[in-house]
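Right, one structure below, let's go through it.
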């Protein structure tokens, strides 16, 4: 969106700056200027009809100017909407819509803005910073479109488009039009809007779907699991993310126990039980087991849920619905896996069915394999005749990737919507909305890293491939920092039956280039405590805390500050690690530790 402001010899340009991902979506975001159309001059000639030109068609133009609300407090935001009819037509846009804004003191600002392609609409927010009566007027100064081919607003007279777009065999002139003058009253005090404003979190019982008039709730009603940026081409989500979750990677780690950070949701300030159900036997035993065994109780038999950990929590939570598998009695004494969808607020069951399976090849034999979805996919679409720009989610799917298949399910019913063969790509890392990375084994120690999209309904997998590069390893490590585009592989070396060294190697995701390799002669606690973030890779040693390297250069940076001896060091504690807010977290026996990514100090 481009404005030119003309005010007493002062000319300025206001541009919205976007962060765009490169063609390989896991590269670092880089700022570019916003373009509603392709690079190059806009097609069409704004203003009066050029001298000597006789258009094939002349259009009598009608327009619309809306400024709402018409009574506001000072420094409250107004919404200005512009539209002309008939629309300029596919691939064409109007340049230099003029909006004249006159303040109570008599000073005026003239904004110049181009319309969206196709439909001739445009909108922008405006802050009224003086008390009194304001006026707004919209002038469409006329546009002449020569015959020719147009694409994303470009076209004649630039003559840069040779294919694609829309070819017009006749020229057309849209005549000028001016709106009535609209008056807006700006008061000294704040004026309550019909739409709620600000960062108001829900405080009372609420249900899904959230009504549109609660639009201020959007930062608190996300879903699980989180899969990173939904749309790479727009910065509003990234900017909001950085504001709410400072110094946090906008891409989730690849491993389930490292990906527990879930933004865009509102947790309770105190724990409370809404409802419960028992998934396994447990609790203290009694009778003749004696004190020690009875007090230890029952810990086994908890793996009745279909989640990877076996502890019975939902694989997906979407729009207030939980999707989870449980075991039930099948025909005879055989247990069968059942896929359920239930309300997270009440526990009421929406539907259940036999857990989805596919036929997978295991050692040359086809066997049924679990095909439960584990991620959410959003298709970003556009309102018809809305300029062709992404404006809202047109479709949501639950996705399974594995055993040579990508299967999509409808969240409302569990019905399969897409079933695609991925061939020799038996698994993938779903690293952001609509995109996955898989490693293909070519044999002989040769591997390819395939970047592909899950979006769309085509069953032609080749058409889904975005990039295909040589890769050094047989898999994509969980220790991948997608924000900087580097993977690290941590290997625990063993000799004479004991672990004696930790080897770390790093490779760039965009090229497959091996960047560096380093070895330290320390024993590793567990690979599940490795994590890559903030351009660094950390692994937990048995007696020196976390060892940390720079992912780009391979420079060894530090060992973290020592945890308390003995029960938090020397290999005691949880088999997990998480990262957020410029820190990484480790659960030990006496408590939770947070380490500063910058220097390894205990925060």
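We did not get these values from a lab; they are worked out from the coordinates using the rules stated. In this text the structure is predicted, and so the values were computed from the model without any measurement. Backbone-built Cβ (ideal geometry, glycine too); neighbour counts: all protein chains shown.
Work out the FRET efficiency for residue 557 and residue 594 from their Cβ-Cβ distance, taking R0 = 25 Å, and round it to the nearest 0.05.
Step by step, r from the Cβ atoms, then E = 0.90.
Relative to the present Cα-Cα distance, how much length would full extension add between residue 41 and residue 492 at 0.36 nm per residue of separation?
Value of the extension gain: 156.6 nm.
Would you order 338, 514, 504, 592 from fewest to most other beta-carbon atoms within 10 Å of each residue's own beta-carbon?
Ordered from fewest to most neighbouring Cβ atoms within 10 Å, 338, 514, 504, 592 come out as 592, 514, 338, 504.
Can you tell me how much longer the chain between residue 127 and residue 208 gets when fully stretched, taken as 0.36 nm per residue apart minus their C-alpha distance, in nm with one decimal?
25.8 nm
Which value in nm describes the separation of the simple spin-label points at residue 542 and residue 60, placed 7 Å from the Cα toward the beta carbon?
9.0 nm
What order do you get for 218, 264 when you list them from fewest to most C-beta neighbours inside 10 Å?
218, 264
Using the Cα gyration tensor of the stretch 483-595, with a ≥ b ≥ c the square roots of its eigenvalues, what is the shape: rounded (a/c below 1.5), prolate (a/b larger than b/c) or oblate (neither)?
Oblate shape, in that a/c is at least 1.5 and b/c is the bigger or equal ratio.
Suppose R0 equals 30 Å; then what is the FRET efficiency for residue 275 and residue 201 from their Cβ-Cβ distance, rounded to the nearest 0.05?
0.85
Starting from the Cα of residue 365, step 7 Å along the direction of its Cβ; do the same at residue 519; then give the gap between the two resulting points in nm.
Placing both labels 7 Å beyond Cα along the Cβ direction yields 4.1 nm.
Computed FRET efficiency, Cβ-Cβ of residue 602 and residue 526, R0 22 Å: what is it to the nearest 0.05?
Working from the Cβ atoms, E equals 0.65.
What does the highest-first list of 532-545, 130-143 look like by mean Cβ count within 10 Å?
532-545, 130-143
Points 7 angstrom from Cα along the Cβ direction at residue 446 and residue 469: gap in nanometres?
Result: 1.9 nm between the two label points.
For residue 352 and residue 218, compute 0.36 nm times the residue count separating them, minus their Cα-Cα distance, and round to one decimal in nm.
Here the answer is 45.3 nm.
I need the semi-axes of the equivalent ellipsoid of the stretch 409-493: take the C-alpha gyration tensor, multiply each eigenvalue by 5, square-root it, list largest first in whole angstrom.
26, 16, 12
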